[in-house]
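Trainee: First the structure, then my questions, so here it is.
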């Protein structure tokens, strides 16, 4: 999770987005709100392993981020690996 967060921060900086603005936006997402304190206790640890977000949308969003990262020459190996997982 830390590596993926670092990739997002690096990409934000590379496209000229101030980190404070990027952090504010990302903090408003389910991922930013803390999967380990919200989603996991109420869903995963309760035995519900069904997707909480449409996998095709996750795949699309990761593709957009990776295309942008490629354009600004920011390596995102964690993002690329995640996208591969959503390709199955």
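Trainee: Go through the stretch 62-86 and give me each residue that's exposed (fewer than 10 other Cβ atoms within 10 Å of the Cβ) and in a loop (DSSP other than H, G, I, E, B).
Mentor: The one that is exposed (fewer than 10 other Cβ atoms within 10 Å of the Cβ) and in a loop (DSSP other than H, G, I, E, B): 73.
Trainee: Pick out, from the stretch 1-61, the helices (runs of 4 or more DSSP H) lying fully within it that include 2 or more residues that are under 15 Å from the mean Cα position of the chain (by Cα) and modelled with pLDDT of 80 or more.
Mentor: 2-14, 19-27
The values are calculated or read from the model by the stated rules, or taken from the named source; none is laboratory data. For clarity, every value in this text was computed on a predicted model and none was experimentally measured. Here Cβ is always computed from backbone atoms with ideal geometry, including for glycine, and neighbour counts include all displayed protein chains.
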